[in-house]
1. May I ask you to verify whether Lys57 is within 21 Å of Arg98 (Cβ to Cβ), surrounded by 14 or more Cβ atoms within 10 Å (Cβ to Cβ) and of a type in the set (Lys, Arg)?
2. Please find, among Thr51, Thr44, the residue that is touching a helix residue (DSSP H, G or I) at 6+ places or on another chain (Cβ under 9 Å), buried (at least 23 other Cβ atoms within 10 Å of the Cβ) and under 18 Å from Met1 (Cα atoms).
3. Hey, among Leu60, Leu33, Leu86, Leu45, which residue is at pLDDT 95 or above, assigned by TED's automatic domain parsing to the domain that holds Val18 and not in a strand (DSSP E or B)?
4. Just give me the residues in segment 84-112 being surrounded by 12 or more Cβ atoms within 10 Å (Cβ to Cβ) and either free of Cβ contacts under 8 Å to residues at least 12 places away in the same chain or of a type in the set (S, T, N, Q) (or both), in sequence order.
5. Considering segment 64-83 alone, what residues qualify as being free of Cβ contacts under 8 Å to residues at least 24 places away in the same chain and either more than 18 Å from Gly28 (Cα to Cα) or buried (at least 16 other Cβ atoms within 10 Å of the Cβ) (or both)?
6. Among the hydrophobic types (A, V, I, L, M, F, W, C), at pLDDT below 95 and surrounded by 16 or more Cβ atoms within 10 Å (Cβ to Cβ), is that true of Leu118?
7. Cβ contacts < 8 Å: first residue closer than 11 Å to Asp175 by Cα, restricted to segment 147-163; second residue among the hydroxyl-bearing types (Ser, Thr, Tyr) and in a helix (DSSP H, G or I), any location; separation 6+ or different chain. Result?
Amino acid sequence: MIDFDASSLDWGKCSGLVPAIVQDARSGAVLMLGYMNRDALAATLQSCKVTFFSRSKNRLWTKGESSGHWLRLMAIHADCDCDSLLVSAVPVGPTCHRGTQSCFGDASAPPLGFLGKLDGLIDARERERPAGSYTTELFDAGIRRIAQKVGEEGVEVALAAAAGDEAELLGESADLLFHLSVLLRTRGRSLADVAAVLAARHTASA
């Protein structure tokens, strides 16, 4: 259960409801907008499945209760006026009823957001090990082989940069990031953990 003080919200401003913006915890994409009352927020915090108050059905509604496409709660924050919520969640399947990732379309994802999505895809590959997948082959080969690939791709990036070939530089950089993500996953880590280290260094040097 995630800790959040529901009494800090201004429930009276919108007649007992607060808008809740749901953001993909990995990619940063805005997934959807819903409304919560006190009971919906309590259910969300208790179950860690994002739950809203449906104004059309006049009842609590857990996203995914029919489709199985849940939103797994990771964190929740109030805005500065305490009258709206930012809900960080990991989507299980498409969020929109039209079968898309976001109710706002692909434009809702920030340019670097795919790196977060890549982390999720690699995590799924490690758990599911689908046959015929290159990522599965890497995990099966073990950490030494993956580390070797990271080293090889790092050299390729350096050579492409020195040669001045922009297309090759971008391609080899993509290969390096992919293999680095796989290597991190073998140690239970992700690119998000690396980003956290960078952010901490920036804060320390500010």
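1. Values: within 21 Å of Arg98 (Cβ to Cβ): yes; surrounded by 14 or more Cβ atoms within 10 Å (Cβ to Cβ): no; of a type in the set (Lys, Arg): yes.
Judged against the criteria, Lys57 is not a match.
2. Numbers: Thr44 fails: touching a helix residue (DSSP H, G or I) at 6+ places or on another chain (Cβ under 9 Å).
Result: Thr51 is the single residue among Thr51, Thr44 that is touching a helix residue (DSSP H, G or I) at 6+ places or on another chain (Cβ under 9 Å), buried (at least 23 other Cβ atoms within 10 Å of the Cβ) and under 18 Å from Met1 (Cα atoms).
3. On the way: Leu60 fails: not in a strand (DSSP E or B); Leu33 fails: not in a strand (DSSP E or B); Leu86 fails: not in a strand (DSSP E or B).
Just a single option satisfies the conditions, and that option is Leu45.
4. Ser84, Ser88, Thr95, Thr100, Gln101, Ser102, Gly105, Ser108
5. Going residue by residue through segment 64-83, those that are free of Cβ contacts under 8 Å to residues at least 24 places away in the same chain are 65-66, 70, 77, 79-80.
Hits for segment 64-83 are Glu65, Ser66, Trp70, Cys80.
6. Values: among the hydrophobic types (A, V, I, L, M, F, W, C): yes; at pLDDT below 95: yes; surrounded by 16 or more Cβ atoms within 10 Å (Cβ to Cβ): yes.
Judged against the criteria, Leu118 is a match.
7. Final answer for the pair search is Val157/Ser173.
The values are calculated or read from the model by the stated rules, or taken from the named source; none is laboratory data. All figures in this text were calculated on a predicted structure; none of them were measured in a lab. Positions of Cβ are backbone-derived with ideal geometry, glycine not excepted, and every protein chain shown enters the neighbour counts.
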